[in-house]
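First up is the structure itself, then whatever we jot down about it.
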Amino acid sequence: METSTKTEAIIQVRNLVVAYEERVILDNINLVIPRGETTVILGGSGCGKSTLLRHLIGLHKPESGNILVKGRDITQLGEQELSDILRKVGVVFQSSALFNSISVGDNVALPLREHTRLEESTIQIMTKIKLDMVGLSGYERFMPSELSGGMKKRAAFARAISMDPEILFCDEPSAGLDPIVAAGLDQLILKLKKALKMTIVVVTHEMASMYLIADHIIMLNGGKVIFTGTQEEFKKSQNDRVRQFIERRPEEYSEEEIGRYARALTTDSF
Amino acid sequence: MTENVSQRQGLFVQFFGWIGRLVLELFERVFFIYRLILDSLYWTFAAPLIGKGLRLGSAFDEMVKVGVNAVPIVGLISFSIGMILAMQSAYQLEQFGATIFTANLVAVAQTRELGPLMTAIIVAGRSGSGIAAEIGTMKVGEEIEALQSMGFNPIKFLVVPKLLALAVMVPCLTIISDFIGISGGISIAVFSLDLGFGRYLSATIFALVFKDIITGLIKSVVFAVLVGLTGCYMGFKVEGGAEGVGRRTTQSVVVSIFLIILADAFFTSLFYYLW
């Protein structure tokens, strides 16, 4: 918790509970995301990390608890106020989520056209700068369907930073991409942080990418926070689940459990 | 004995649980439709007045897609319907030597009923399904969430332009359909019934009253809104990838046509008994 005392918190989550019907997805989550750093939210599949991200950007309302973004509780805000806060937040979705009916340039320019009163020529220049930044110069006129998976992700980054956000969220940036393209995206995240001085929150389960970009690590397991701290602290952690993640060990079952499972499969009585 | 009772209780609980779930699901749907209609009304009429803007640009784009691009198919079908109407009417009227009344039948049936109905059904098949597929695909691809995360309202961005486009263009298409349908009748009258162009046309104009055309157009606006809302509802309800999109798209057409016929029955009886 050293990091949270050193720097100011830009996001604070207090006693967050999320449940769908009977199933509890996030169970009493408390965490702090420090300003100006790259925070990686780690966790296995189905641990609730994407759900947490969706709540941090106000897409869903939680069962109970508070989410303070720059000191304002977004769970209590009306649509207009939430929209004002979201203008200073960029999100890169797992599937890129580019609008397929408009060109890449229009995708990047859309937030500028809708939220600002800038002149079209200024918007064109800003769009060009953002696309240059992510290494997609000259792709303004391409349609999203004409881009490869990695390029789509880059375009999604360009759109997310078009309003110069204070916070950038990335949901599984390397999902479904080959290691070279994924490594390129890690470099892009590092570059964006250096150039734009943003707070970056990345949700991932890729350890290699985490080691490269993370200043601060939050690990979720079974809907609970099981670790927060720096990389050093993470490597030294004695938490069983954290060790399992670091050492890449599979789930362990006892002989007896495996036997029972096998019997259940082979007998026809359910 | 006790086992029997507890078993029966179990069934009892199961039965009411089932009913409870059905009712909850129904409430949820009704509430969703209620919100959709209310939000659409707000973003169409109230929001532009308090300076929150109306996306007229994309409404015009939609008008081209829903309206202008549908003219050929609406024309083709209306012409055929006009011809069919003329032939079927003449078949009966010939027995009384009153083939000239074909003009009345075609004109009145086309403007009051078949023009608006056929146009709405074509639009439901072309655009209603398109709307459901578009919004559904956007939902599957996280695009709706992307819109929300940028602080945009999906109703303002996606629903309102489509509803506006439909409400403006379906009546326009209906007028085109009326004209072309009557032309279809004329073609049969001239080439096969020996009625003469001028005679048939003057009979048509004599038969039609202003009310026939107006009631048709009022109905067509209602049909347009029904098609649009159904398409949007089905789009937002898509779950589970491409398969979900396909299912909701099909449903949107079936439900749209059902609602169109229902509304048609309602409004026709309203106009028949009250106006």
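Read-outs throughout are calculated quantities, based only on the coordinates presented, and are distinct from any laboratory measurement. In this text the structure is predicted, and so the values were computed from the model without any measurement. Every residue, glycine among them, receives a Cβ derived from its backbone with ideal geometry; neighbour counts consider all protein chains shown.
Brief remarks on what is shown
- Residue mean of other protein chain beta carbons inside 10 Å, A:101-108: 1
- More than 17 angstrom apart: percent of Cα pairs within the range A:30-123: 63 percent
- Whole-Hz ³J(HN,Hα) from phi, Karplus 6.51 cos²θ - 1.76 cosθ + 1.60, for the range A:14-21, glycine and proline x: 10, 6, 6, 10, 10, 9, 9, 6
- Proxy reagent accessibility, fewest Cβ within 10 Å first, across B:Phe271, B:Phe266, B:Phe210: B:Phe210, B:Phe266, B:Phe271
- Distance histogram for the range B:33-274 (every C-alpha pair counted, 10 angstrom bins, percent rounded to whole numbers): 8, 28, 30, 19, 10, 5, 1, 0
- Taking 7 Å steps out from each Cα toward its Cβ at A:Glu21 and B:Val68 produces label points 4.8 nm apart.
- Cα-Cα pairs of the range A:195-270 separated by more than 20 Å (percent): 49 percent
- By the count of neighbouring beta-carbon atoms within 10 Å, fewest first, A:Lys70, B:Lys139, A:Lys153, A:Lys130 end up ordered A:Lys70, B:Lys139, A:Lys130, A:Lys153.
- Most fluctuating residue given options B:Pro154, B:Pro72, B:Pro171, as computed from a GNM of chain B linking Cα atoms under 10 Å: B:Pro72
- Within a Gaussian network of chain A (alpha carbon springs, distance under 10 Å), most fluctuating of A:Glu79, A:Glu146, A:Glu255: A:Glu255
- Under Karplus coefficients 6.51, -1.76 and 1.60, residue-wise ³J(HN,Hα) of the range B:57-63 in Hz, glycine/proline x: x, 6, 4, 5, 4, 5, 4
- Lysine pairs within the range B:33-274, Cα separation less than 26 Å, 8 or more sequence positions apart or different chains: 17
- Computed on the Cα trace of the range B:50-107, the radius of gyration divided by the Kirkwood hydrodynamic radius gives Rg/Rh = 1.40.
- Two-site label geometry, B:Val13 and A:Glu114: point separation in nm, points 7 Å out along Cα→Cβ: 4.8 nm
- Radius ratio Rg over Rh of the range A:133-178, counting only Cα atoms, Kirkwood formula for Rh: 0.96
- Shielding score for B:148-160, defined as the mean number of other chain Cβ atoms within 10 Å: 5
- According to the calculation over all Cα-Cα pairs in the protein assembly as shown, the P(r) per 10 Å bin from zero is 3, 14, 20, 19, 16, 12, 8, 5, 2, 0, 0 %.
- Distance between the modelled labels on B:Leu41 and A:Ala264, one decimal in nanometres: 5.2 nm (7 Å Cα→Cβ projection).
- Area projected by the alpha carbon convex hull of the range A:112-188, averaged over all directions, nm²: 5.6 nm²
- Between amide H atoms placed 1.01 Å from N, distances below 5 Å from A:Thr38 occur with A:Ile200, A:Asp215, A:His216, all of them 5 or more places distant or on a separate chain.
- Comparing A:Gly259, A:Gly78, A:Gly105 in a Gaussian network model of chain A where C-alpha atoms under 10 Å apart are linked, the largest mean-square fluctuation is found at A:Gly259.
- Spatially proximal lysines relative to A:Lys130 (Cα-Cα < 18 Å; intrachain offsets below 8 disregarded): A:Lys88, A:Lys152, A:Lys153, A:Lys191, A:Lys193, A:Lys194, A:Lys197
- Note on chain A: Cα-Cα pairs beyond 32 Å make up 29% of the total pair count.
- Rounded to two decimals, the Cα radius of gyration of the range A:119-270 over 2.2 N^0.38 Å is 1.43.
- Each residue of the range B:145-253 gets 130 Å³ once the volume of the Cα convex hull is shared out per residue.
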